[in-house]
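The values are calculated or read from the model by the stated rules, or taken from the named source; none is laboratory data. Keep in mind that this is a model prediction, so the values were computed, not measured. All Cβ positions, glycine included, derive from the backbone under ideal geometry; neighbour counts span all protein chains shown. Please note that ligands, DNA and RNA were not included when accessible areas were found on the heavy atoms of the full protein model with its side chains. Shrake-Rupley method; radii C 1.70, N 1.55, O 1.52, S 1.80 Å.
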Amino acid sequence: MVIVGGGTVDFDLLRELYASGGHLVGADGGADQIVEAGLKPELIIGDFDSLKNPHSWLGKTRLMQIGEQETTDFEKALYSTRAPVTVALGMTGRRFDHTLAALDAVTKYAQKRKIVLVDEEDVALPLTRAFSFTVDPGERVSIHPLAPVTFWRSEGLKYPLDAVKLAPGVRTGTSNEALTGPFRIVPEEGVHAPYLLILPRKYLAELIAKLLLEKR
């Protein structure tokens, strides 16, 4: 599933995701971005305060208007849908407060959903567990804590995360590197806080494929 917001959206990438089988969901005004890309959303979710001409959509697609103001349209889309993997476009860029709100949403849903945030340069996957992946040797691998989290160990990274605690405003793990390609990150056992694995956007398709093969 692809949830589209009102931030920065690469229309070519959106078309590629649609062509590969992605189901398009507009988070309120994000539906207008889908139309601008020449596509049509299967579902529009939100309070409809930023959607152009909401009434024009009647009979053309499914509409889910949610009036509560405690959550963002992105979070409304998350709690109203289910999907093996969710790719989120347009949740970052343009407005910094929307970017921060998107990070809050993925922090809340990291244990329940497989979500990949996409911006102009990177993909960010919120995790609460151990994770393995393969990139090119020397590729940038960033780890950013969404809350205090302790790692037991890591494999294949230039700067190991062995017995390392990361926390917002204290210590982060940006601009690490994969030594030979394959790497693994292992947080402490038990219930632990979410962290973001941030990689260059060129790995999006491989990341989605891996997540689809995994079991929760």
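Does A147 count as modelled with pLDDT under 95 and open to solvent by less than 10 Å² (accessible area, probe 1.4 Å)? In short, no. Where strands (runs of 3 or more DSSP E) fall wholly inside the range 151-216, the ranges with 2 or more residues that are of a type outside the set (A, V, I, L, M, F, W, C) and touching a residue at least 40 places away in the same chain (Cβ under 8 Å) are 182-187, 195-200.
Being under 22 Å from M1 (Cα atoms), in contact with a helix residue (DSSP H, G or I) (Cβ under 9 Å, 6 or more places away or on another chain) and surrounded by fewer than 20 Cβ atoms within 10 Å (Cβ to Cβ) is a property that does not hold for E139.
Here A178, A163, A167 are screened, and the one residue that is small (G, A, S), surrounded by 12 or more Cβ atoms within 10 Å (Cβ to Cβ) and modelled with pLDDT under 95 is A167. Within the range 66-97, the only residue that satisfies the criterion of being of a type in the set (V, I, T), under 27 Å from Y203 (Cα atoms) and over 14 Å from the mean Cα position of the chain (by Cα) is T81. Can you spot a residue in the range 189-201 that is open to solvent by 70 Å² or more (accessible area, probe 1.4 Å) and either touching a Pro at 6+ places or on another chain (Cβ under 6 Å) or at pLDDT 95 or above (or both)? So far as the range 189-201 goes, no, none of its residues is open to solvent by 70 Å² or more (accessible area, probe 1.4 Å) and either touching a Pro at 6+ places or on another chain (Cβ under 6 Å) or at pLDDT 95 or above (or both).
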